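Participant: Once you've had a glance at the structure underneath, I'll fire off some questions.
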Amino acid sequence: MTATPYYITTAISYPNGTPHIGHAYETIAADVMARFKRLDGFDVRFMTGTDEHGQKMQTTAEKQGKTAKELADENSARFKAMNDALGISYDRFIRTTDPDHYEASQAIWKRMEENGDIYLDKYAGWYSVRDEAYYAEDETEERDGQRYAIATGTEVEWTEEESYFFRLSKYADKLLELYATQGYIYPESRRNELTSFVKGGLNDLSISRTTFDWGVPVPGNDKHVMYVWVDALTNYLTGLGYPNTEGELFTKYWPADLHLVGKEIVRFHTIIWPCILMALDLPLPKKVYGHGWLIVDGAKMSKSVGNVVDPIALIEEFGADAIRYFLLREITLGQDGNISRDALINRINSDLANDLGNLLHRTLSMAKKYRGGVIAKGTEETAFDASLEEMAAETVKMYTAQMEAMELSPAIRTVWAFIARTNKYIDETAPWTLAKDEAKAGQLDSVLYHLVEALHITSILIAPFMPVTARRIHAQLGFADDFDAVQLADIAHWGRVADGHMVGTAKQLFPRIEIV
Ligand code: MSP
């Protein structure tokens, strides 16, 4: 049976500065989904990258005395390095300055033009360089002689230029049909907002610029570069080999299963993007998920507040897995969430060092002490054993349902409830007492077996969140060679650990961190 394809993407970040923890959060969340789907037997393609054109890039570069390409090279490398340090399992890190992306962007342009969806006219309106977006008069307000976009608070400037337009208005009815599709937009609340926005009438979209030249040239008219959002959204097609729609990647993975993006850019992905795809006669992505924003110590991250968190420094201090765990445990994916250093350290100490680390350490020490590390399938099952088995099965089921629904924090809590239950099981069964009584040898075997099996299951369930830790647990449990081969289906039934299995040596997973 061939595996079902699953194509997942993040937004591509502007490399006009260095990456911060908010960027890390998005790629981690997407990576967790990608790893979960692989674990669940899907054939996954996962893409992330950088969005390098536009006025913001050009202006920032000029201020720094660089070319836009130099700035992009420098910072794109930092985004890539951040993703590598976080263990992000992307299949391609796309840059919109990659040659094949120019080809794909120009190809979509020509195709839309042939379909009669592009025309040349003049544009006058309020442009925000920070958002790389035009706003209507009533979407802006004036304060102290400067106009701002109401939605994002960014400065807007009056801009007039010759521009190509995309016939967005033509697709309004089809968009409304699309929004009626259950599950297309998440969170659901956005759907109503978008529906009333589209019902209010769509204007055609200005899709080229003449006031600067850092962009993909418009085919046949070099005076114009493409509007950065048009080329940026196209990255999802470039990554599958577009314009070759007959190629292996494209036929296998398009349409995308999931575009995971921040809440503020959901509208680009649910208005402009599906309309472009309709103009190209291509099938539409199955889901756009808008995640919330990270705030730090109660405030929006900003250079002036001085609370911008550098993910690389955090990884160096605490390790990538701890950061991955913390962010996804602490924050509900569809909502904004606050992070702080204290909260991070508390999670590491209580959840990772204590609950998980101690369970592993206690289990391996007892296995070594009482049985020389050899795990026998127990002959005498107790009611405690049966209830642990039952909870393991329920845990796998519930975790799977939560992960499929992208309820990542609840899925972690499900696993931690099982870890807590397993710790309690040690106290209930008191192996140190069983070990003193020869007549209880069969029961002791059963307890040790149950602990190793429970930890084996746990290591697989946490693998999407903490891939390095999961592998280390797996190795300590004595399953070193098996890790990449295990699938979710393998742990659906109790008893995967073989009779006579030999466990490895205990090593500390997470040292406790003293709060100074
Ligand atoms: N380049 C566009 C996206 C184009 S997608 C075809 C862009 N870039 S960005 O660098 O501003 O943001 C990249 C992603 O990071 C967005 O999804 C955005 O929501 C996310 N985040 C940026 N700051 C964030 C937080 N503080 N918290 C969580 N995610 C945030 O938009």
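Participant: Using modelled backbone amide H atoms (1.01 Å from N, in-plane), which distant-in-sequence or interchain residues come within less than 5 Å of residue 49's amide H?
Facilitator: Correct list: 13, 94.
Participant: If you don't mind, another one. Over segment 398-516, what relative contact order in percent results from Cα pairs under 8 Å that are six or more residues apart?
Facilitator: With pairs under 8 Å counted, the relative contact order is 19 percent.
Participant: Efficiency by 1/(1 + (r/R0)^6): what FRET value for residue 493 and residue 3, r their Cβ-Cβ distance, R0 = 22 Å, to the nearest 0.05?
Facilitator: That gives a FRET efficiency of 0.60.
Participant: Let me ask you something else. Just to confirm, what accessible area per residue do you get for the chain at 1.4 Å probe, in whole Å²?
Facilitator: 42
Participant: Also, I was wondering about something else. What does the C-alpha gyration tensor say about the overall shape of segment 81-240? Classify as rounded when a/c is under 1.5, otherwise prolate if a/b is larger than b/c, or oblate.
Facilitator: rounded
Participant: Heavy atoms only, probe 1.4 Å: what % of the accessible area of segment 1-109 goes to carbon and sulfur, would you let me know?
Facilitator: Of all accessible area on segment 1-109, carbon and sulfur atoms account for 50 percent.
Participant: At most 11 other Cβ atoms within 10 Å and a DSSP loop assignment: could you name the GluC sites (Glu not before Pro) in segment 426-516 that fit?
Facilitator: Taking segment 426-516 and a limit of 11 other Cβ atoms within 10 Å, the loop GluC sites (Glu not before Pro) found are 514.
Participant: With an 8 Å Cα cut-off and a minimum separation of 6 or more residues, compute the relative contact order for the chain in percent.
Facilitator: Relative contact order for the chain comes out at 15 percent.
Participant: What is the sum of charges around residue 470, taking Lys and Arg as +1, Asp and Glu as -1, for the other residues whose C-beta is under 10 Å from the C-beta of residue 470? Provide the component values of the computation, followed by the final result.
Facilitator: On the way: positive: 35, 471, 472; negative: 321.
Every neighbour counted, the sum reads +2.
Participant: Taking the alpha-carbon distance from residue 397 and a cut-off under 29 Å, which lysines remain once sequence neighbours fewer than 8 residues away in the same chain are dropped?
Facilitator: Candidates past the 8-residue exclusion: 37, 252, 286, 287, 377, 424.
Participant: Related question: Rounded to whole Å, give me the distance from the Cα center of segment 330-383 to that of segment 239-272.
Facilitator: 38
Participant: Then there's this: Take the solvent-accessible surface of the protein heavy atoms, probe 1.4 Å, and return the percent of it on segment 333-478 that carbon and sulfur atoms account for. Intermediate values should be presented prior to the final figure.
Facilitator: Values: 2940 of 5570 Å².
Within segment 333-478, the accessible surface is 53 percent carbon and sulfur.
Participant: Restrict the search to segment 162-216; then list the trypsin sites (Lys or Arg not before Pro) that DSSP places in a loop and that have at most 10 other Cβ atoms within 10 Å of their Cβ.
Facilitator: Working: sites: 167, 170, 174, 190, 191, 199, 209; in loops: 167.
Here no loop site has a sparse enough neighbourhood.
Participant: I need to check one value: relative contact order of segment 470-516, counting alpha carbon pairs closer than 8 Å and at least 6 residues apart, in percent.
Facilitator: 47
The values are calculated or read from the model by the stated rules, or taken from the named source; none is laboratory data. Computed from a predicted structure; not experimentally measured. Note that we place each Cβ from the backbone using ideal geometry, even for glycine, and neighbour counts take in every protein chain shown. For accessibility, only protein heavy atoms count, side chains too; no ligands or nucleic acids. Shrake-Rupley method; radii C 1.70, N 1.55, O 1.52, S 1.80 Å.
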